[in-house]
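**Student:** Quick one: the structure is below, questions incoming.
The values are calculated or read from the model by the stated rules, or taken from the named source; none is laboratory data. In this text, all values refer to a predicted model and were calculated from it rather than measured experimentally. Ideal geometry is used to build each Cβ from the backbone, glycine not excepted, and the neighbour counts take in all protein chains shown. Just the protein is used for accessible areas: all its heavy atoms, side chains included, with ligands, DNA and RNA removed. Shrake-Rupley method; radii C 1.70, N 1.55, O 1.52, S 1.80 Å.
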Amino acid sequence: MERNLKNVLVISFGFLLLFTAYGGLQSLQSSLNSEEGLGVASLSVLYAALILSSMFLPPILIKKLGCKWTIAISMCCYITFSLGNFYASWYTLIPTSVILGLGGAPLWSAKCTYLTIAGTSYAEKAGKNAKDIINQYFGVFFLVFQSSGIWGNLISSLILSQSSTKVEISEEDLECCGAYNCLTDTTNTTGSAKPSNSLIYTLLGVYTASGVLAVLLVIIFLDQIKSDQAETEKEKLEAPSFWSTFLATFRHLKDKRQCLLIPLTMYSGFEQGFLSGDYTKVYVTCALGIQYVGYVMICFAAVNSLCSLLFGKISQFTGRKLLFALATVTNTACIIALLLWKPHPKQLAVFFVFPALWGLSDAVWQTQTNGLYGILFEKHKEAAFANYRLWESLGFVIAFGYSTKLQTYIKLYILLSVLVLSMVTYGAVEYLEAKSFPGTPAATKKENGRPHSQETHM
């Protein structure tokens, strides 16, 4: 096997093992650690730490440690979160969430850097176009990585469904499920359906082992980047000073189009935060039990992956406006339906319809928003995508932050309001582009790539 391809596969399967554990744990946080809102508070802290990490750590760690050891050490940060869940409390989960958040940005930056260098190196040897090889390597990575959402949630559902005590949820308790949930009583319902400690420890043991395997795979099998390649990359990292990069992120806000895209970017964090923090708890766990959370999130991950691939291909024919309209209508319909629906175990199929439609919409938000940033800010991509990470992560922080403070119907109205605002400001961006380039379709033909964005899967 060609050596560079071997390294791509090592990174891909390392991320698969790591995010099999993290993805499953993230989906369960609001249900597994529902007392006093500990689970969603930890996720809010995690994304806040990720924002700080994105601004400070990646260039420093990659420069000092190189890509291989940055990846390995950052993966260890994820393992601490699994360990913190063994004895979940404010004194274990919050610190480990901070550690994971700080490790998140260096992990993804080092991965992108490594794949880029590996692709460039092979292209030079083979006399091929570097961009083509790099795109192939990223394609292989995401092909393997995307399935982590399926495996992590499948493991949780298979283990948690082994519970010997099947709890029958009374009609009275079911009244507390859904949009108009009883904030004080929901914890009683979820608490009574909580699996035994032995099953929880088994699940966390599997997740921790998966993370450890990921680290060992990288340490043992991933080649260190050659010194001349590493030096070249260091020069690239040193070229813009930290403060110039930091200031460039905020200086980019002088661009009116960037400011208008903030609501759309934050909405991506809001809608993902609602699905993993609220839908899983107030609808699925409340009415069916925690063992169904994994199956529901598998449905979301599978539809999301398939639609991401599909929309990436067809966007060059349909244009982004039509896809944004599709996502808006689908998401709006889901939000209105969730406001009206009273979840009941007899309506099992409905619990899977919502994440499937949510996955379809999220695929548009991810592929097209990333593509839009790449097209509009082609000359300032670094600052533009730094803004993307910043505002999407802020959306996550806010969504998880108010998750335990507000009733679900209020959160759904907030989600709908942000969606409407996003479409108004997005429309203004399209208007400005049409005004700047009359007679051209605002470069829609370029929108045919799957985004390599960490936030969707952080």
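**Student:** Please identify the pairs in which a residue from the stretch 49-63 that is over 15 Å from Leu247 (Cα atoms) has its Cβ atom under 6 Å from the Cβ atom of a residue that is in a helix (DSSP H, G or I) and among the charged types (D, E, K, R), counting only partners at least 6 apart or on another chain.
**Tutor:** Going by the 6 Å Cβ cut-off, the qualifying pairs are Lys63/Lys234.
**Student:** Can you tell me which residue among Ile314, Ile398 is open to solvent by 40 Å² or more (accessible area, probe 1.4 Å) and either on the phi > 0 side of the Ramachandran plot or touching a residue at least 12 places away in the same chain (Cβ under 8 Å) (or both)?
**Tutor:** Ile398
**Student:** Ok, one more. Among the listed residues Thr92, Thr96, Thr80, which satisfies the condition of being touching a Phe, Trp or Tyr at 6+ places or on another chain (Cβ under 6 Å) and over 22 Å from Thr113 (Cα atoms)?
**Tutor:** The match here is Thr96.
**Student:** Next up: State the number of residues belonging to the stretch 97-112 that are touching a residue at least 60 places away in the same chain (Cβ under 8 Å) and surrounded by fewer than 23 Cβ atoms within 10 Å (Cβ to Cβ).
**Tutor:** Number satisfying all stated conditions: 1.
**Student:** Criterion first (outside any loop (DSSP other than H, G, I, E, B), under 22 Å from Ile298 (Cα atoms) and touching a residue at least 60 places away in the same chain (Cβ under 8 Å)) does Gly66 satisfy it?
**Tutor:** No, not satisfied.
**Student:** Would you mind finding the one in Ala49, Ala105 that is under 16 Å from the mean Cα position of the chain (by Cα), among the small types (Gly, Ala, Ser) and farther than 24 Å from Phe141 by Cα?
**Tutor:** Ala49
**Student:** I've got another one for you. Here are Lys411, Lys379: which of them is part of a helix (DSSP H, G or I) and buried (at least 18 other Cβ atoms within 10 Å of the Cβ)?
**Tutor:** Lys411
**Student:** Next question, about the same structure. Of the residues in the stretch 117-138, how many are part of a helix (DSSP H, G or I), open to solvent by 40 Å² or more (accessible area, probe 1.4 Å) and not hydroxyl-bearing (Ser, Thr, Tyr)?
**Tutor:** Total meeting the criteria: 7.
**Student:** Ok, one more. Looking only at residues that are open to solvent by less than 10 Å² (accessible area, probe 1.4 Å) and over 19 Å from Thr208 (Cα atoms) in the stretch 1-30, which one is nearest to the chain's Cα centre (by Cα)?
**Tutor:** Ranking the candidates gives Ser30 first.
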